[in-house]
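The values are calculated or read from the model by the stated rules, or taken from the named source; none is laboratory data. Note that the structure is predicted; figures quoted are calculated from it, not measured. When we count neighbours, we look across all protein chains shown, and the Cβ atoms used for this are built from the backbone with ideal geometry, even at glycine. These area figures cover heavy atoms from the full protein model, side chains too; ligands, DNA and RNA do not enter into them. Shrake-Rupley method; radii C 1.70, N 1.55, O 1.52, S 1.80 Å.
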Amino acid sequence: MNKSPLVLSSLLSLIALVPVAQAQVTPQQELSCEKSYHYRLSLSGIPTGFMTRSELWQGNTVEISSRSRASILGIGTTYEQKSEMVFQSESNQWLTQHFHQQVSGFKNRDMQVQLVFNLMARICRK
């Protein structure tokens with residue numbers, strides 16, 4: 001059955017992220033650390049799932065992993081993404097080097113993106 005991405009987009013725009021735990025330290029102040037965030041997802045005050053995010057900061061790189069599970073109107077969706085960013089001192093910016101995203105349930109997707117130095121993206125979809 002083909003489900004409309006517009007419906008999922010509309011539903012996800014209504015979901016509220018409620019932080020359970022947060023860290024207040026800026027990444028530029030640390031050479032190495034690990035941070036975790038946990039969120040409860042809700043739609044109009046009704047619990048629908050969870051989201052976790054972990055960050056591993058090491059020098060000028062950071063690896064970020066996110067995972068969520070939500071169920072709206074009996075339709076469950078799982079989302080996982082892992083990305084890596086590197087700080088570029090020349091431009092004073094954090095740039096994403098690559099990421100891998102997997103979504104299953106309402107809309108399935110397995111996407112890997114690697115950014116090359118000239119900022120052109122190479123995308124691999126399965």
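Annotation: of all residues in the stretch 55-64 being among the aliphatic types (A, V, I, L, M) and over 20 Å from Leu41 (Cα atoms), the one that is surrounded by the fewest Cβ atoms within 10 Å (Cβ to Cβ) is Leu56. Go through (1) modelled with pLDDT of 85 or more; (2) open to solvent by less than 70 Å² (accessible area, probe 1.4 Å); (3) over 26 Å from Arg109 (Cα atoms) for Glu34 and report which single condition fails. Failed condition: (2). Restricting attention to the stretch 65-108 and to residues that are over 25 Å from Ser36 (Cβ atoms) and touching a Lys or Arg at 6+ places or on another chain (Cβ under 9 Å), the residue that is surrounded by the most Cβ atoms within 10 Å (Cβ to Cβ) turns out to be Phe106.
Scanning the stretch 40-79 for residues that are touching a residue at least 24 places away in the same chain (Cβ under 8 Å) and aromatic (Phe, Trp, Tyr) yields Trp57, Tyr79.
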